Amino acid sequence: MATNTRKYNAKAKVDAFDWTEVVRSLDAEGTAVLPRLLEPDDCARLAAGYPEDDLYRSRIVMARHGFGRGEYKYFRYPLPGLLQDLREALYARLAPIANRWNQEMGIEVRYPAVHADFIRRCHRAGQKRPTPLILRYVEDDYNCLHQDLYGQHVFPLQATVLLSKPGTDFEGGEFVVTDVGTREKRAAVVQLAQGDAVILAVNQRPMASHRGVVKTAMRHGVSRVRWGLRHTVGIIFHDAR
């Protein structure tokens with residue numbers, strides 16, 4: 001699969017967003033949307049590669065594991081260039097946020113500025129399997145609330161990009177997040193258009209309360225697809241054991 005017929009400049013695309021607003025949204029909600037991170041032709045090429053098994057290291061059928069309905073595939077190394085570039089560019093912007101969050105929560109772990117250095121940390125600990133993935137849902141499929149952890153070393157933020165066009169390719173299939181670690185439990189739907197990315201907390205994040213900063217734990221999932229075909233790409237920054 002050729003993911004780039006024109007050169008996609010991931011760093012320029014990522015840097016062009018209003019990161020003051022992204023940080024504000026992440027601090028307040030645990031999520032932030034990057035509108036049109038990918039163009040429709042980028043989305044189409046990634047989705048069209050789903051049948052090409054040589055791109056992937058494994059295929060997971062969700063119902064076999066109690067994860068919901070639908071399926072997904074983990075990319076193998078080397079990742080498609082577009083995804084590798086996005087993984088590096090997004091990480092560079094998110095690492096300072098992750099470090100501040102850990103400081104506020106009293107967690108000692110800090111993340112290096114460059115993604116390759118963090119991946120070396122994962123690999124030294126035996127987490128050597130790539131985690132970026134592509135997910136496929138058809139009518140009546142859904143994804144149960146979950147967290148993408150995979151091992152000892154966990155980067156606290158991740159990204160999901162919607163490749164399909166709501167209302168044209170599918171209906172339903174809303175991206176759902178929950179805060180479950182506080183007395184005030186909350187669920188929210190993140191509205192996405194084709195090519196939009198949502199940045200979200202993998203697990204714990206700091207949240208302001210009347211008692212000061214407290215930890216809340218987030219989960220995410222996908223509501224039932226009413227009709228059509230829905231593809232997304234997940235960009236997780238740590239690797240798996």
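Some values worked out for this structure:
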quantity: Residue in the range 115-142 that is surrounded by the fewest Cβ atoms within 10 Å (Cβ to Cβ), counting only those that are in contact with a strand residue (DSSP E or B) (Cβ under 7 Å, 6 or more places away or on another chain) and aliphatic (A, V, I, L, M); calculated: VAL138
quantity: Residue count, the range 99-114 (criterion: buried (at least 19 other Cβ atoms within 10 Å of the Cβ) and either touching a strand residue (DSSP E or B) at 6+ places or on another chain (Cβ under 7 Å) or more than 17 Å from VAL202 (Cα to Cα) (or both)); calculated: 1
quantity: Which listed residue, of GLY151, GLY167, is out of contact with any helix residue (DSSP H, G or I) (no Cβ under 6 Å at 6 or more places or on another chain) and crowded, with 16+ Cβ neighbours inside 10 Å; calculated: GLY151
quantity: Residue in the range 63-82 that is more than 30 Å from VAL225 (Cα to Cα), at pLDDT 95 or above and basic (Lys, Arg) present; calculated: no
quantity: Any hit, the range 222-230, residues being touching a strand residue (DSSP E or B) at 6+ places or on another chain (Cβ under 7 Å) and closer than 24 Å to ALA98 by Cα; calculated: no
quantity: Filter result (surrounded by fewer than 18 Cβ atoms within 10 Å (Cβ to Cβ) and of a type in the set (D, E, K, R)) within the range 170-181; calculated: GLU171, GLU174
quantity: Elements of type strands (runs of 3 or more DSSP E) in the range 153-241, at least 1 residues being of a type in the set (A, V, I, L, M, F, W, C), at pLDDT below 95 and more than 15 Å from the chain's Cα centre (by Cα); calculated: 186-190, 204-209, 212-222
quantity: Matching option when the condition is open to solvent by 70 Å² or more (accessible area, probe 1.4 Å), more than 24 Å from THR168 (Cβ to Cβ) and not in a loop (DSSP other than H, G, I, E, B), among PRO96, PRO78; calculated: PRO96
quantity: Selection from the range 182-241 of residues that are surrounded by fewer than 15 Cβ atoms within 10 Å (Cβ to Cβ) and touching a Leu at 6+ places or on another chain (Cβ under 8 Å); calculated: ALA193
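The values are calculated or read from the model by the stated rules, or taken from the named source; none is laboratory data. Everything numeric here is computed off the predicted structure, so don't read it as measured data. Glycine gets a Cβ as well: all are built from the backbone with ideal geometry, and neighbour counts include every protein chain shown. Areas reflect the complete protein model, heavy atoms only, side chains present, ligands, DNA and RNA absent. Shrake-Rupley method; radii C 1.70, N 1.55, O 1.52, S 1.80 Å.
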